[in-house]
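The values are calculated or read from the model by the stated rules, or taken from the named source; none is laboratory data. Since this is a predicted model, take the numbers as computed values, not measurements. Please note: Cβ atoms are built from the backbone with ideal geometry, for glycine as well, and neighbour counts cover all protein chains shown.
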Amino acid sequence: MVPPLLQTTPGSRGKRTRQWLAPLTALPALSGAQQAVLLKWLKSDAQERSWQSLLQAAGSNQLEVADTLVQALLLCGAVALKEELHHGQWRPWRVVWTDLEGVQALAGVPTRSQREADKANLDTDLQALAQAHSWLSVAAHSLLTDALPVSSKTARAELLQALVSWQQTQRQGLRQDFALAARGHTKAISSTEWDWLAATVALETLGIGRFEPLIWLAGSIALCSVAESNGLQASWAAWGFVGLPCRSLDAMQVVHAPKMYWLIENRASFERQSSRLPPGTCLVWLPGRPSLAWQQAMRCLLTQAPAPAEISCDPDPAGIQIALTAGALWDAAGLAWQAGHMAPSLWGAGTTLPLNDYDRRVLAELQATPGLPSDLATLRDYLISSETKAEQEGWL
């Protein structure tokens, strides 16, 4: 007997539509297989689907499950079923959701409206995050512009929030330590996510190292272990350049102090200059935005072997910020420092790069920075007027 609420509407020859007249209030009790097929169907936001496409989504081994499922959905008011007469039998032709978002909500599937609201909220949160923490600007901007699913963007935004917490609590550790703090497991951050983080955030600056953080030295300085002050002394002048664990500087003492320090940001330039140093110069690799571990190692050297410094970074907005960060260590120790090999006269006529939006934001911050050293202020103004920047590897 046909249920009285099931209405059949004739269509063109050999076509009809069946629909339950009562409004949808709940989904019927479904088997596990039926629930799995329904979730596959609800991934699409199409209001109407061909029956063939739904069968393909269900899978060739779930055809009977799909048939019983669509009949159950029909009798609860979730779908209207368009049928066609084929060899004397009525068969499904097209399926129309009567309230797609209602069915998705009952099945626990995010609706288009929810996803759009989540995306708008996420965009607002990312913009606020970039404004509150300028060091996350590049990462936040990439999420705002990348064509990623909202779920992936949300997961990455949560990583950025975890970075803020890590930075505010001044934690130090390896990548596994951050993954454990952010997601509760040392392998919970995928390689793709790590690649994205490394490309958009200065992880080493935040004390998140891929390996043990090192400080790289060359030239006129010699150290020995405090516990073995009469033992072996290490002089880098004869070795080219050497990397030491940053934490080891606490247990070392300087037995031959330099007359000056020279900090170079570009690694290739550091290695090139390590073989050309004048006597009395200790060369130090300045690893981008230096981590807290690197800064503490440098403080150890300056405490035992105070000397002025020349700091050479890429002549770009970030390079000015990096020079200021490193120079602050000399300021705190009451020692002189100056920027070196960054003047526009060295690179302005060579190969340059155009400024991007991030560069312009940093320059705006530098314009509002009081007490900027005159040589860096001159560089800042040149970057603004020329709309260019460069990489020091080209000439140093």
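Checking each residue in region 316-325 for being buried (at least 23 other Cβ atoms within 10 Å of the Cβ) and over 14 Å from GLN392 (Cα atoms) picks out no residue at all. Contact map, region 290-315: residues that are polar (S, T, N, Q) and surrounded by fewer than 22 Cβ atoms within 10 Å (Cβ to Cβ) paired with residues that are at pLDDT 95 or above and not in a strand (DSSP E or B), Cβ distance under 9 Å, separation 6+ or inter-chain. Pairs shown: GLN295/ALA326; GLN295/ALA328; GLN295/LEU329; THR303/ALA333. Working only within region 139-159, note down all residues that are buried (at least 18 other Cβ atoms within 10 Å of the Cβ) and in contact (Cβ under 8 Å) with a residue 40 or more places away in the chain. Across region 139-159, the qualifying residues are ALA139, HIS141, ARG156. The C-beta contact set for region 37-61 (first residue assigned by TED's automatic domain parsing to the domain that holds VAL96 and aromatic (Phe, Trp, Tyr), second residue assigned to a loop (DSSP other than H, G, I, E, B) and surrounded by 13 or more Cβ atoms within 10 Å (Cβ to Cβ), distance under 9 angstrom, 6+ apart or interchain) is empty. In the condition set (1) over 12 Å from ALA390 (Cβ atoms); (2) modelled with pLDDT of 95 or more; (3) touching a strand residue (DSSP E or B) at 6+ places or on another chain (Cβ under 9 Å), ARG299 is compliant with all but (3). Of all residues in region 17-40, those satisfying the criterion of being under 19 Å from PRO110 (Cβ atoms), out of contact with any Gly (no Cβ under 9 Å at 6 or more places or on another chain) and either among the charged types (D, E, K, R) or assigned to a helix (DSSP H, G or I) (or both) are GLN35, ALA36, LEU38.
Hey, any hits in region 113-127 for a residue that's in contact with an Asp or Glu (Cβ under 7 Å, 6 or more places away or on another chain) and free of Cβ contacts under 8 Å to residues at least 40 places away in the same chain? Yes: one or more hits. Only one entry of LEU206, LEU159, LEU143 meets the criterion of being of a type in the set (A, V, I, L, M), under 17 Å from the mean Cα position of the chain (by Cα), at pLDDT below 95 and over 26 Å from ALA309 (Cβ atoms), and that entry is LEU143. Meeting the requirement of 2 or more residues that are within 24 Å of LEU203 (Cβ to Cβ), the helices (runs of 4 or more DSSP H) wholly within region 93-180 are 112-132, 137-145, 150-168.
Take GLN52 and tell me if it is in a helix (DSSP H, G or I) and not acidic (Asp, Glu).
Numbers: in a helix (DSSP H, G or I): yes; not acidic (Asp, Glu): yes.
Yes: the conditions hold for GLN52.
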